[in-house]
1. Per-residue HN-Hα couplings for the range 76-92, Karplus 6.51 cos²θ - 1.76 cosθ + 1.60 at θ = phi - 60°, whole Hz, x for Gly and Pro?
2. Once the other residues with Cβ under 12 Å from the Cβ of GLU92 are scored (Lys, Arg +1; Asp, Glu -1), what is the net sum?
3. Go ahead and run the numbers for FRET between GLN50 and TYR7, Cβ-Cβ distance against an R0 of 25 Å, rounding to 0.05.
4. Cross-link partners among aspartates and glutamates for LYS54, C-alpha distance below 12 Å, same-chain residues fewer than 8 apart left out?
5. Tell me, what does the Kirkwood hydrodynamic radius of the chain come to in angstroms if you use every pair of distinct C-alpha atoms?
6. Using 1/(1 + (r/R0)^6) with R0 = 25 angstrom and r between the beta carbons of ALA110 and ALA23, what's the FRET efficiency to the nearest 0.05?
7. Got a number for carbon plus sulfur as a percent of the chain's accessible area, 1.4 Å probe?
8. Amide H neighbours of THR29 under 5 Å, at least 5 residues apart or on other chains, H built in the peptide plane: list them.
Amino acid sequence: MATTQYYGTGRRKTSTARVFIQAGEGKITVNGRTLDEYFGREVARMIVRQPLEKVEMVEKFDINVTVKGGGSFGQAGAIRHGLTRALMQYDEALRQPLRAEGYVTRDARAVERKKVGLRKARKKPQFSKR
């Protein structure tokens, strides 16, 4: 018996998350582990659950996530973005409340690259007149 599955790709900093949602009882699996196992910090788990709590569908879907790259909070942000996109694919009417909360827009902030001749991205050598 095939169940309907919805998909969303989420990105944040250098992390990319593939999020699959299907009808279920609220289990969240990240890279084969439970959400609580994967993210040690409560704040990261909270970030992941935000879109579901906003639309009051915490117990409605089973979520399977594959995430790569970046740190823990970048990955949590990528999962939140992917989950938002998957929810909008499930029901377009959810776009309005999710957009109002700011989950639809991809946060494009990333680490600036190091420039040639500089110590860091913007850290220049100290000017010496002599």
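The values are calculated or read from the model by the stated rules, or taken from the named source; none is laboratory data. These figures come from a predicted structure and were not determined experimentally. Here Cβ is always computed from backbone atoms with ideal geometry, including for glycine, and neighbour counts include all displayed protein chains. SASA here: full protein model, heavy atoms, side chains in, ligands and nucleic acids out. Shrake-Rupley method; radii C 1.70, N 1.55, O 1.52, S 1.80 Å.
1. Taking θ as phi minus 60°, the curve returns 4, x, 5, 5, 4, 5, x, 5, 4, 5, 5, 5, 5, 5, 5, 8, 5 Hz for the range 76-92.
2. Numbers: positive: ARG85, ARG95, ARG99; negative: ASP91.
That works out to +2.
3. Values: r = 19 Å, r/R0 = 0.76.
Rounded to the nearest 0.05, the efficiency is 0.85.
4. GLU101
5. 15.9 Å
6. Numbers: r = 35 Å, r/R0 = 1.39.
With a Förster radius of 25 Å, E is 0.10.
7. Numbers: 4230 of 8590 Å².
Of the solvent-accessible surface of the chain, carbon and sulfur hold 49 percent.
8. Those lying under 5 Å, H to H, from THR29 are ILE63, ASN64, VAL65.
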